[in-house]
1. Run the quick spin-label model on GLU157 and TYR84: label points 7 Å from Cα toward the beta carbon, then report their separation in nm to one decimal.
2. Considering the chain as a Gaussian network with a 10 Å cut-off on Cα pairs, which listed residue, GLY241, GLY167, GLY61, attains the greatest mean-square fluctuation?
3. Could you tell me the convex hull volume per residue, in Å³, taken over the Cα atoms of the chain?
4. List the aspartates and glutamates whose Cα sits under 15 Å from the Cα of LYS11, skipping any in the same chain fewer than 8 residues away.
5. Can you compute the FRET efficiency between LYS188 and SER135 using 1/(1 + (r/R0)^6), with r the Cβ-Cβ distance and R0 = 22 Å? Round to the nearest 0.05.
6. How much net charge surrounds GLY113 when only the other residues with a Cβ under 9 Å from the Cβ of GLY113 are counted, with Lys and Arg +1 and Asp and Glu -1?
7. If I build a Gaussian network model for the chain, linking alpha-carbon pairs within less than 10 angstrom, which residue out of GLY58, GLY96, GLY88 has the largest mean-square fluctuation?
8. Of LEU214, HIS168, ILE22, whose Cα points farthest to the positive end of the dipole of the chain (charges on the beta-carbon: +1 Lys, Arg; -1 Asp, Glu; origin at the Cα centre)?
Amino acid sequence: MGVKRPDEIEKIRSAGKICKKILLEISNVLEEGKTTLDIADFAELLMEKEKVKSAFRGYRGYPGVICISINEEVVHGIPSKSRYLRYGDIVSLDVGVVKDGYIGDCAITCPVGEIDPEKQRLIDVTRKSLELGISKVKAGCRTGDIGSEIQRFVEKEGFNVVRDFAGHGVGKYLHEEPDVPNFGRRGKGFELQENMVIAIEPMVNMGKPDLRILSDGWTVVTRDGLPSAHFEDTVLVKKEGFEILTNFHNG
């Protein structure tokens, strides 16, 4: 299940590099007064320039080219001309692109101007939890090893991982097997094999892990209204370790 050929890995690597490049360029234009649709329109221009397509638009009916989620919005926020960025917000940007039939998928959470220290700590902990989860990746490890590492660190810092959404396999399709939860027990879960490609994406809530979905059918928010952060990279499983394929400095 999910083992990729060398030519497929190269295509995912190419898509991943472009995906991260676009994500970083988008993150640099976040400012108070812009709408989330302004940001998405800019992302679409970058995709056209790089000759890639959105992996999200049309996926199960999703209408946007990227996902933009603000503050208590966890994931899947739909870009809107009436949703404005405000000073002090934290904004989760999730980008997926298709190049030569293969997917690159990555996400980061960024501040708009100065943010309060606890929001910054939430971002820092979520970013670090992704790094820790990735550090466990190698052939023979299990998804529980990754999830346990993320969960233990996040909970030690006083936050909670989202349990209703998970990382996933990546290839020709946006969501492939296996699921990669952000919680679990060491030694349990699906055993990863060399040359599998997975997206690891911790979503971390400042408050409780409970969620609800807004009436648009997509936007996931924290039930208690407290902020959430999200980071994601696409990762190749190697015999002894890993390679982050959504790395702008690849190649």
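1. Computed distance between label sites GLU157 and TYR84 equals 3.1 nm.
2. GLY61
3. Spread over its residues, the Cα hull of the chain gives 111 Å³ apiece.
4. Within the straight-line cut-off, LYS11 pairs with GLU50, ASP100, ASP105, GLU243.
5. For LYS188 and SER135, the calculated efficiency is 0.75.
6. -3
7. Looking only at GLY58, GLY96, GLY88, the biggest GNM fluctuation is shown by GLY58.
8. Sorting the options by dipole projection puts first HIS168.
Read-outs throughout are calculated quantities, based only on the coordinates presented, and are distinct from any laboratory measurement. Please read all numbers here as calculations on a predicted model, not as lab measurements. Please note: Cβ atoms are built from the backbone with ideal geometry, for glycine as well, and neighbour counts cover all protein chains shown.
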